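Here the structure is laid out as structure tokens; the discussion comes afterwards.
FYI, it's all coordinate maths here, none of it is from the lab. Small disclaimer: the values here were computed from a predicted structure and weren't measured. Quick reminder, even Gly has a Cβ in these numbers, built from the backbone with ideal geometry, and neighbours come from all protein chains shown.
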Amino acid sequence: MYAVLAQIVGFIGTGVVIAAFQCKDTKKLMFVHALAGLLYTLHFFMLGSIIASFSQLLFTVNIFLLNDTKHRWASWIGWRYVISALLILVTVVTWKGPADLLPCAASVATTLTNWSRNGRIIRLNRLCFASPAWIIYDIIIGSLSGIACEAFSIGSVLISIWRYGMAALDG
């Protein structure tokens, strides 16, 4: 029953991610993405993956930092390195095996590319590295909703490339 509940929490998170793209206002979009990150934090914790849970929690913190335009400290360039170092530290401390490198590497790459604020770099990371790494990890730990969410992300990236072309995604 616990495993079923973990999957339900994950699929609610996936639904929230999909709903986020329907938000017209950017602040609402970021808030909804943060909510999805918290649901996935719980989902992965319930599945026993501390590194994936922590990655999602830091993803949520990262969203707030990237979108906080009111506080100068939030835009500090060093946050990308602090978050990346925390991801690596948690991976080392909670090490269960080589599979833990997948969410760590995907999360570090995503953290670094998101701070670039370059749409092309962010999308290429998602398409070629982060989502495939997460899908492999989701298969290993049995996160059905994680697989679905990453497949949705890949599809969304491909649609944006098809609609706008790569050159238009630099900004």
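Could you compute the longest span of the chain free of trypsin sites (Lys or Arg not before Pro) located in DSSP loops and having at most 13 other Cβ atoms within 10 Å, not counting the site residues?
Details: sites that count: LYS24, LYS70, LYS96, ARG117.
That would be 118-171.
What Rg and what Dmax come out for the range 111-168 when only alpha-carbon atoms are used, in angstroms?
Looking at the range 111-168, its Cα Rg and Dmax stand at 12.2, 37 Å.
Arranged by the count of other C-beta atoms within 10 angstrom, fewest first, what order do HIS33, HIS71, HIS43 take?
On the way: HIS33 20, HIS71 9, HIS43 28.
With the sparsest Cβ surroundings first, the list reads HIS71, HIS33, HIS43.
Counting only chymotrypsin sites (Phe, Trp or Tyr not before Pro) that are in a DSSP loop and have at most 15 other C-beta atoms within 10 Å, tell me the longest site-free stretch of the chain. Don't jump to the answer; show the numbers that get you there.
Details: sites that count: PHE21, TRP76, TRP95.
It works out to 96-171.
Rg and Dmax in Å for the range 2-169, alpha carbons only: what are they?
Taking only Cα atoms of the range 2-169, I get Rg and Dmax of 15.3, 46 Å.
Once you have the Kirkwood Rh of the range 1-93 from its Cα pairs, apply Stokes-Einstein at 4 °C and 1.567 mPa s and quote D in µm²/s. Intermediate results must be reported in sequence, preceding the final value.
Working: Rh = 14.1 Å.
Taking Rh from Cα pairs, D becomes 92 µm²/s.
Once every DSSP H run of n ≥ 4 in the chain is given -39500 (n - 2.57) and the sum is divided by its residues, what mean residue ellipticity at 222 nm do you get, rounded to the nearest 500 deg cm²/dmol? List each step's numbers first, then the result.
Values: 8 runs with 128 residues, N = 171.
Here the helix-only value at 222 nm equals -25000 deg cm²/dmol.
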